[in-house]
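K.L.:
One structure, as structure tokens, below. Some questions next.
The values are calculated or read from the model by the stated rules, or taken from the named source; none is laboratory data. The model shown is predicted, which means the values in this text are computed figures rather than measured ones. For neighbour counting, all protein chains shown are included, and Cβ atoms are generated from backbone atoms with ideal geometry for every residue, glycine included.
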Amino acid sequence: MYLNFGEIGTNIKNLMEDFQRKKPKEQQKLESITDMKAFVENYPQFKKMSGTVSKHVTVVGELSRLVSERHLMEVSEVEQELSCQNDHSNALQNVKRLLQNQRLSELDATRLVMLYALHYERHSSNALQSLLADLRNRGVSEKYRRLVASVVEFGGKRVRGSDLFSPKDAVAITKQFFKGLKVGSDPKKMESKSDR
């Protein structure tokens, strides 16, 4: 149901092409009374499609404006790197670079620092205090800056059972899950070891 920005753009393009293919046919057939009658009968469908295309183009236009204005492609790329990679030096450099951009919203800037704080909480070169100073220097409200400490307090390594950013943990959890199941040839007969 939820699509990424690129898929939405492709779907809008397809909708526009479909609309353009149908539009000329309707306009070309208006040569006789019968053609006009057929057009009037089909006009609600044509009008509905026109409205749908217009709404979708308007929404995608606004999304595109927000993505561009807030630099969300860059922000999401750095968020993904913070979540999926373990290159501290590169992560710190990218977060600092984005924090220098005054067009970045307070919330986006804070979220980047939160992800950094969680991922590199116990890293020997942790630069969280420097990033918090960067947030303060760019005018991020104290309310948002305090959220960084709260995220670490309530979601940091001290209180969670596993490392959020390690692919090994996802594999271990999956193995543990399947270890608890006896898998037979019939999926309906699958039973948990605890059921025996």
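K.L.:
Would you confirm, using the coordinates I've provided, whether A109 is part of a helix (DSSP H, G or I), assigned by TED's automatic domain parsing to the domain that holds G156 and more than 21 Å from K143 (Cα to Cα)?
P.N.:
Judged against the criteria, A109 is not a match.
K.L.:
On to the next question. Might you check whether a residue that is under 28 Å from I8 (Cα atoms) and within 20 Å of the chain's Cα centre (by Cα) occurs anywhere in the range 112-131? Show your work before the answer.
P.N.:
Taking the range 112-131 and keeping what is under 28 Å from I8 (Cα atoms), we get 112, 115.
This time we only want the ones that are within 20 Å of the chain's Cα centre (by Cα), so: 112, 115.
Yes, there is a match, as at least one residue in the range 112-131 is under 28 Å from I8 (Cα atoms) and within 20 Å of the chain's Cα centre (by Cα).
K.L.:
From the list E81, E62, pick out the single residue that is closer than 30 Å to K13 by Cβ, modelled with pLDDT under 95 and under 15 Å from the mean Cα position of the chain (by Cα).
P.N.:
It is E81.
Results for (1) at pLDDT below 95; (2) of a type in the set (S, T, Y); (3) part of a loop (DSSP other than H, G, I, E, B), shown as yes or no for each residue.
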position	(1), (2), (3)
A91	no, no, no
K96	no, no, no
R103	yes, no, yes
V113	no, no, no
D134	no, no, no
V140	no, no, yes
V148	no, no, no
D163	yes, no, yes
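K.L.:
Which members of the range 106-129 meet the condition of being in contact (Cβ under 8 Å) with a residue 24 or more places away in the chain and of a type in the set (G, A, S)?
P.N.:
Within the range 106-129, A109, A117, S125, A127 qualify.
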